[in-house]
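*Asks:* For reference, the structure I am asking about is given below.
No lab work stands behind these numbers, since they all come straight from the coordinates. Owing to the predicted nature of the structure, the values given are computational and were not obtained by experimental measurement. Quick reminder, even Gly has a Cβ in these numbers, built from the backbone with ideal geometry, and neighbours come from all protein chains shown.
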Amino acid sequence: EPEVTQTPSHQVTQMGQEVILRCVPISNHLYFYWYRQILGQKVEFLVSFYNNEISEKSEIFDDQFSVERPDGSNFTLKIRSTKLEDSAMYFCASSEFHSGWASVGTQYFGPGTRLLVL
Amino acid sequence: SQQGEEDPQALSIQEGENATMNCSYKTSINNLQWYRQNSGRGLVHLILIRSNEREKHSGRLRVTLDTSKKSSSLLITASRAADTASYFCATDARSGGSNYKLTFGKGTLLTVNP
């Protein structure tokens, strides 16, 4: 069964460093997302991406964050200068279609990248 | 406002029993999805129910949706120890323009004792 993959599974970095989290969405999906989950808290939406541009972003997704689809398979999240509070599990997700109701279809999540900022 | 609040926060049952988890939300929605998360792991999609549906089944899972009460329930029948996980509901809120994001609740931690 197709699945979303993410690398690395764990990343430890120093405050102020740049990190790039990588995702390979399911191949025929057109909508891509990043979410994060701080330990013990809710899963929070960061950004959605379609047709090579950001569709929607949350207030968390400030200028330190960027997303890119550099080729036909990868989808990346870059944090330019990490802060301690960026420590979280980051999930990539993808969905196959966007219904006529302007709503998301089923979103399939990857296993996550656990980011620890020291 | 909080969207997708599950209750109970924690539920402990014996293997073979049924587990029922509830989710409430505040805004109108297009879809409601249920996910499972094993400790520290990824989110596994269980079932999606659209706002015009009232009930949906998938194997041992039964989901109901009451849009008048803005609530949903997830029933797991004949539970197994392997069902031990956190269960989340996630909604996409209906509003003007496009909506792409899911809003998650805090989840219910289900423990199934062998």
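*Asks:* List the residue pairs whose Cβ atoms are under 8 Å apart, where the first residue sits in the stretch B:15-39 and is within 14 Å of another protein chain (Cβ to nearest Cβ), the second is assigned to a loop (DSSP other than H, G, I, E, B) and hydrophobic (A, V, I, L, M, F, W, C), and the two are 6 or more positions apart or on different chains.
*Replies:* Final answer for the pair search is B:N30/A:W101; B:N30/A:A102; B:Q33/B:L102.
*Asks:* Now a separate question. Checking the conditions here, which among B:T103, B:T108 is within 13 Å of chain A (Cβ to nearest Cβ), within 19 Å of A:L39 (Cα to Cα), touching a Gly at 6+ places or on another chain (Cβ under 8 Å) and β-branched (V, I, T)?
*Replies:* Residue meeting the stated conditions: B:T103.
*Asks:* Within the stretch A:90-107, identify whether any single residue is more than 9 Å from every other protein chain (Cβ to nearest Cβ), surrounded by 18 or more Cβ atoms within 10 Å (Cβ to Cβ) and not small (G, A, S), and answer yes or no. Don't jump to the end; show me each part of the working.
*Replies:* Of all residues in the stretch A:90-107, those more than 9 Å from every other protein chain (Cβ to nearest Cβ) come to A:90, A:92, A:94, A:96-97, A:100.
Cutting the leftovers down to surrounded by 18 or more Cβ atoms within 10 Å (Cβ to Cβ) gives us A:90, A:92, A:94.
Subsequent filtering for residues that are not small (G, A, S) retains A:90, A:92.
Yes, the stretch A:90-107 contains a residue that is more than 9 Å from every other protein chain (Cβ to nearest Cβ), surrounded by 18 or more Cβ atoms within 10 Å (Cβ to Cβ) and not small (G, A, S).
*Asks:* Now for a separate question. Does A:I54 fit the bill of being over 19 Å from B:L43 (Cβ atoms), away from chain B (no Cβ under 14 Å) and not in a loop (DSSP other than H, G, I, E, B)?
*Replies:* no
*Asks:* Still on this structure, I have one more. Restricting attention to the stretch A:57-73, which residues are more than 11 Å from the chain's Cα centre (by Cα) and away from every other protein chain (no Cβ under 14 Å)?
*Replies:* A:D62, A:D63, A:Q64, A:R69, A:P70, A:D71, A:G72, A:S73
*Asks:* Sticking with this structure for a sec: Residues of the stretch B:42-56 being within 9 Å of another protein chain (Cβ to nearest Cβ) and farther than 17 Å from B:G105 by Cα, which ones?
*Replies:* Correct list: B:R50, B:S51.
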